[in-house]
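Scroll down for the structure; my scribbles are underneath it.
The numbers here are math on the coordinates, done by the rules we state, and not lab data. Bear in mind that the values here come from a model prediction, so they are computed numbers and not experimental data. So basically every Cβ, Gly included, is an ideal-geometry build from the backbone, and we count neighbours across all protein chains shown.
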C-alpha cells in the first residue's frame with residue numbers, strides 16, 4: 001500500500017480554519033485519497049475522499065495538489081468537537097483491493 | 001439506519017477463555033472489515049469479507065483468531081484461547097464498495113484479557 005506522511009500533532013483555536021497536510025509522494029494514478037477521523041472513545045469516521053479534483057462536503061474540504069503528491073484537509077471553522085486524530089489514507093481501487101490501511105494520523109487539538 | 005452494531009461493548013475475560021465478538025453490518029453493504037486498535041500498533045486490519053466470503057485474512061495474528069460471516073447480516077470474530085496481549089479495541093466496519101464513499105465503523109468492543 002502506498003504510504004502517507006502526516007504530522008504527529010497540530011493545534012488550532014476554536015472558530016479558526018485548520019489545514020491538515022498529508023504527503024503521498026508515491027501515489028499511483030488509481031489511488032483515491034481518503035480522510036477519516038477518530039474522536040475520543042469512538043470508531044473512525046469517514047470525512048471525505050477525492051481522486052484529482054478538490055472536493056467539498058458538509059464536514060470539510062479536500063484540496064489535492066496538481067501532481068497529487070500531497071493533499072490538505074481543510075476544516076473551515078474548527079469547533080471543540082473537531083478535536084480528534086485525523087487519518088490520511090490512500091485507497092487503491094485498481095486491483096479491486098478494498099482495504100484501508102491506517103497510519104498513525106495527526107492528533108488535532110482545538111483550544112477554546 | 002442503526003449503523004454498524006457491535007456487541008458486546010466491553011468484555012473482560014480470563015486468559016485461556018474463548019471470546020466471541022459480534023457485528024451486524026449495515027443492510028446492503030457487501031464489504032465487512034475487522035480491525036484491532038492498540039496504543040502500540042494503532043489500527044490494524046485483521047480480515048475482510050466481500051459478499052460473506054473472506055477475501056484477505058493476512059492480518060489475522062495467528063491461528064487463535066478466526067472470523068466468520070455466515071450471512072449478510074452477521075459476522076463473528078473469535079479468539080480461542082485468549083491471551084493478555086489480545087487486549088485491544090476491536091472494530092467492525094462495512095462499506096458499500098467502490099465509489100460509494102467511505103467505511104462506516106461500529107463503536108467497537110473493548111476486550112480485556114486478564
If one builds a Gaussian network model of chain A from Cα atoms under 10 Å apart, the most fluctuating residue listed among A:76, A:24, A:49 is A:76
Ratio of the protein assembly as shown's C-alpha Rg to 2.2 N^0.38 Å, to two decimals? 1.03
Counting all Cα-Cα pairs in chain A, those more than 22 Å apart amount in percent to 27
Most fluctuating of B:39, B:15, B:69 in the GNM of chain B (C-alpha, under 10 Å) is B:39
Using all alpha carbons of region B:5-69, what is the percent of pairwise distances in each 10 Å bin, ordered from the shortest bin to the longest? 17, 50, 30, 3
Hey, how much of the P(r) for chain B falls beyond 16 Å, as a percent of Cα pairs? 56
Taking chain A as a Gaussian network, Cα atoms linked when under 10 Å apart, which of A:61, A:25, A:71 shows the biggest mean-square fluctuation? A:25
When Cβ neighbours within 10 Å are restricted to other protein chains, what is their mean count per residue of peptide A:43-51? 5
